[in-house]
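Peer 1: Have a look at this one.
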Amino acid sequence: MTAPSLPSPPAATPPPAPETQRRKADHIRVCLEQDVQCQQTTTGLENYRFQHCCLPELDWADLNISCQFLGKTLGAPLLISSMTGGTEQAEVINQRLAIAAQTYRLAMGVGSQRVGIESPEVMPTFAIRQYAPDCLLFANLGAVQLNYGYGLAECQQVVETLAADALILHLNALQESVQSRGDRNFKGLLSKIKALCQHLPVPVIAKEVGNGIAAPLAAQLIEAGVAAIDVAGAGGTSWAKVEGGRAGDPRQRRLGQTFADWGVPTADCITQIRAIAPTLPLIASGGIRNGLQAAKAIALGADLVGLAHPFLTAAADSEESVALLADCLMEELKTVLLCTGNADLTALKASGALQSVRPSNQ
């Protein structure tokens, strides 16, 4: 499959914004070199434990971790979460991730494509469909940009550039608050998201960036027409810490420290949203680092599990490191199936094998 041609920029395209490109490079550097993980807030997944089955009466060769999401069959319920684009290093990272997504039939999202709208010459760093012709691929823009001159045309452009199957709109109020010169006008976005859902020819996915989506907001997003939600809960990478870590302004650095552990834990997001939307396509991400945690998220009600930081560190190293990570994640998922006596993910969800180990006073 040949790479999609790069569309002509819209007539009102803003001038190139090297600041946005520097920010993208900073994000990669800070995530790889600094400790940007939540310290006090956890995912909440540690409050659950699988009941072990010592005689599963199953053959490993028959275990099935494939799944369906937004009409596509995946080899495993894994999403290489949205991370990066817009720089030479990001292009290499995205290519390595896309190759793994194709090889293992995983879903993949790219980082915010705003930088490609502002500087069209870097949009090819996102154009990975040629490396992953069959994978479920998500384009990505910040929802707040709908208040800063972006609309249906820009959303269609990023989807077409990727030949994407869906568009992620990320919701990042805390990140923009901490970010130097961040875009902080989130007023009236829900109605704009609703209009976009009505007119964009691909599904829209609402996603946080590490602070979580609780049930009340999820209900509003579902009413607005989003096709799926990625909870992106607290407990993993803290984008307040990332932005604070790259800030030159001492006020922004302090904001990053103050709000380093802000958010709704991933497990709480999953259970809250699943309680109000039993059939909604649901992605769990935020602090998930291995296949055991992914299996817990699935047993709690998620359909797909996203990982970002583990894939970023692997892709920054080599294509082989990404493949090793994908192999390990799939082996860990299958180990959970075998050791709980479940042949597939549907059986795992229905089994009741995941049990709460919260203290009785919580």
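The values are calculated or read from the model by the stated rules, or taken from the named source; none is laboratory data. Computed from a predicted structure; not experimentally measured. Cβ atoms come from the backbone with ideal geometry, glycine included; neighbour counts cover every protein chain shown.
Peer 1: Are any residues in region 291-311 under 17 Å from CYS38 (Cα atoms) and either more than 15 Å from the chain's Cα centre (by Cα) or among the aliphatic types (A, V, I, L, M) (or both), and if so, which ones?
Peer 2: GLN293, LEU307, ALA308
Peer 1: Within region 145-165, can you find the residues that are buried (at least 18 other Cβ atoms within 10 Å of the Cβ), outside any loop (DSSP other than H, G, I, E, B) and of a type in the set (Asp, Glu)?
Peer 2: Selection gives GLU154 alone.
Peer 1: Moving to a separate point now. Kindly indicate whether ALA206 is assigned to a loop (DSSP other than H, G, I, E, B) and either surrounded by fewer than 19 Cβ atoms within 10 Å (Cβ to Cβ) or among the small types (Gly, Ala, Ser) (or both).
Peer 2: In short, no.
Peer 1: Collect the residues in region 255-291 that are touching a Ser or Thr at 6+ places or on another chain (Cβ under 8 Å) and free of Cβ contacts under 8 Å to residues at least 60 places away in the same chain, keeping them in residue-number order.
Peer 2: Scanning region 255-291 gives ALA284, GLY291.
Peer 1: Here's something else I'd like to know. Collect the residues in region 166-188 that are surrounded by 19 or more Cβ atoms within 10 Å (Cβ to Cβ) and either assigned to a strand (DSSP E or B) or touching a residue at least 40 places away in the same chain (Cβ under 8 Å) (or both), keeping them in residue-number order.
Peer 2: Hits for region 166-188 are ALA166, LEU167, ILE168, LEU169, HIS170, LEU171, ASN172, LEU174, GLN175, VAL178, GLN179.
Peer 1: Also, I was wondering about something else. Could you list, in sequence order, all residues of region 48-73 that are outside any loop (DSSP other than H, G, I, E, B), in contact with a helix residue (DSSP H, G or I) (Cβ under 7 Å, 6 or more places away or on another chain) and surrounded by 14 or more Cβ atoms within 10 Å (Cβ to Cβ)?
Peer 2: At the first step, the residues of region 48-73 found to be outside any loop (DSSP other than H, G, I, E, B) are 48-50, 60-62, 64, 67-69, 72-73.
Remaining after also requiring in contact with a helix residue (DSSP H, G or I) (Cβ under 7 Å, 6 or more places away or on another chain): 48, 50, 60, 67.
Once the filter is applied, which keeps residues that are outside any loop (DSSP other than H, G, I, E, B), in contact with a helix residue (DSSP H, G or I) (Cβ under 7 Å, 6 or more places away or on another chain) and surrounded by 14 or more Cβ atoms within 10 Å (Cβ to Cβ), region 48-73 yields TYR48, PHE50, CYS67.
Peer 1: Looking at region 317-324, is at least one residue of a type outside the set (Lys, Arg) and surrounded by 24 or more Cβ atoms within 10 Å (Cβ to Cβ)? I'd like the intermediate steps shown before the answer.
Peer 2: So the first thing to find is which residues in region 317-324 are of a type outside the set (Lys, Arg), and the list is 317-324.
Those still in the list that are surrounded by 24 or more Cβ atoms within 10 Å (Cβ to Cβ) too: 322.
Checked region 317-324: at least one residue is of a type outside the set (Lys, Arg) and surrounded by 24 or more Cβ atoms within 10 Å (Cβ to Cβ).
Peer 1: Continuing with the same structure: Of the residues THR13, THR43, which is under 24 Å from GLY142 (Cα atoms), at pLDDT 95 or above and in a loop (DSSP other than H, G, I, E, B)?
Peer 2: THR43
Peer 1: I would also like to ask the following. Let me spell it out: the conditions are (1) touching a Phe, Trp or Tyr at 6+ places or on another chain (Cβ under 9 Å); (2) crowded, with 22+ Cβ neighbours inside 10 Å, and ASN342 meets all of them except one. Which number is the exception?
Peer 2: It is condition (1) that ASN342 fails.
Peer 1: Which one is farthest from PRO56 (Cα to Cα) among residues in region 313-360 that are hydroxyl-bearing (Ser, Thr, Tyr) and within 23 Å of the chain's Cα centre (by Cα)?
Peer 2: Ranking the qualifying residues of region 313-360, first place goes to SER318.
Peer 1: Further, regarding this structure: Tell me yes or no: at least one residue of region 235-254 is outside any helix (DSSP H, G or I), in contact (Cβ under 8 Å) with a residue 24 or more places away in the chain and in contact with a Pro (Cβ under 6 Å, 6 or more places away or on another chain).
Peer 2: Taking region 235-254 as the starting set, the residues that turn out to be outside any helix (DSSP H, G or I) are 235-238, 247-249.
Then drop every residue that is not in contact (Cβ under 8 Å) with a residue 24 or more places away in the chain, which leaves 235-238, 247-249.
So of that shortlist, the ones also in contact with a Pro (Cβ under 6 Å, 6 or more places away or on another chain) come out as 235.
Scanning region 235-254 turns up at least one residue that is outside any helix (DSSP H, G or I), in contact (Cβ under 8 Å) with a residue 24 or more places away in the chain and in contact with a Pro (Cβ under 6 Å, 6 or more places away or on another chain).
Peer 1: Of the conditions (1) surrounded by fewer than 24 Cβ atoms within 10 Å (Cβ to Cβ); (2) assigned to a loop (DSSP other than H, G, I, E, B); (3) in contact (Cβ under 8 Å) with a residue 40 or more places away in the chain; (4) more than 16 Å from the chain's Cα centre (by Cα), MET123 satisfies every one except a single condition; which number is it?
Peer 2: Here MET123 meets the rest and fails (2).
Peer 1: In region 87-120, which residue that is among the charged types (D, E, K, R) and not in a loop (DSSP other than H, G, I, E, B) is surrounded by the fewest Cβ atoms within 10 Å (Cβ to Cβ)? Steps first, answer last, please.
Peer 2: Quick first cut of region 87-120, residues among the charged types (D, E, K, R) only: 88, 91, 96, 105, 114, 118.
With not in a loop (DSSP other than H, G, I, E, B) added as a condition, the list becomes 88, 91, 96, 114, 118.
Numbers: GLU88: 10, GLU91: 18, ARG96: 23, ARG114: 24, GLU118: 20.
Here the residue is GLU88.
Peer 1: Within the set of pairs 6+ apart or on separate chains, which have a first residue in region 199-217 that is farther than 16 Å from LEU141 by Cα, a second that is among the small types (Gly, Ala, Ser), and C-beta atoms under 6 Å apart?
Peer 2: Within 6 Å, the pairs are ASN211/ALA234; ASN211/GLY263; GLY212/GLY233; GLY212/ALA234; GLY212/GLY263.
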